[in-house]
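This report concerns only the one structure given below.
The values are calculated or read from the model by the stated rules, or taken from the named source; none is laboratory data. What you see is a predicted model; the values in this text were computed from it and never measured. FYI the Cβ positions are ideal-geometry reconstructions off the backbone, even for glycines, and counts take in every protein chain you see.
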Ligand code: HEC
């Protein structure tokens, strides 16, 4: 009984951690880290800055999903984020949700 309980707790924790890990893997796999990092300025704004800017913006998900897939410029300076057509709408949503949860 004790062992079963322990196993359930461990399984539960692993289950809770899995989605965030999957979304992070997406950021890695889709090559976002070529231009972004968690807390350092690379070519694009870092994810900590992005989170700070949009934390209280209720339209952030919609805006950022579009930006990720279509690219754009002018929000953080004159550098251009190229469109990322390899990222599906669902994947972009998962990434934005992950970024805003950091
Ligand atoms: C070639 C470099 C490059 C790549 C690759 C790239 N980005 Fe960007 N990203 C930028 C730049 C530059 C900006 C700033 C654009 C601006 O000022 O409007 C930006 C801005 C953003 C923003 C903030 C948008 C806004 O309007 O505030 C998000 C979110 C973002 N990128 C996510 C991603 C994700 C997710 C990926 C991977 C699928 C990715 N980026 C890949 C260069 C890149």
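Odds and ends about this structure:
- Residue match in the range 62-74 (condition: more than 11 Å from the ligand (Cβ to nearest atom), part of a loop (DSSP other than H, G, I, E, B) and without any contact (Cβ under 8 Å) to a residue 12 or more places away in the chain): no
- Restricting the range 41-50 to residues that are part of a loop (DSSP other than H, G, I, E, B) and surrounded by 14 or more Cβ atoms within 10 Å (Cβ to Cβ), the residue that is nearest to the ligand (Cβ to nearest atom): 44
- Options 16, 22, 60, 11: the member that is modelled with pLDDT under 90 and surrounded by 11 or more Cβ atoms within 10 Å (Cβ to Cβ): 22
- Evaluated against (1) more than 19 Å from residue 19 (Cα to Cα); (2) more than 11 Å from the chain's Cα centre (by Cα), residue 88 falls short on exactly one condition, (1).
- Yes/no for residue 53 being out of contact with any strand residue (DSSP E or B) (no Cβ under 7 Å at 6 or more places or on another chain), within 8 Å of the ligand (Cβ to nearest atom) and touching a residue at least 60 places away in the same chain (Cβ under 8 Å): no
- Restricting the range 75-97 to residues that are more than 9 Å from the ligand (Cβ to nearest atom) and assigned to a helix (DSSP H, G or I), the residue that is surrounded by the fewest Cβ atoms within 10 Å (Cβ to Cβ): 90
- Residues that are free of Cβ contacts under 8 Å to residues at least 60 places away in the same chain and under 13 Å from the mean Cα position of the chain (by Cα), drawn from the range 25-38: 25, 28, 29, 31, 33, 36, 37
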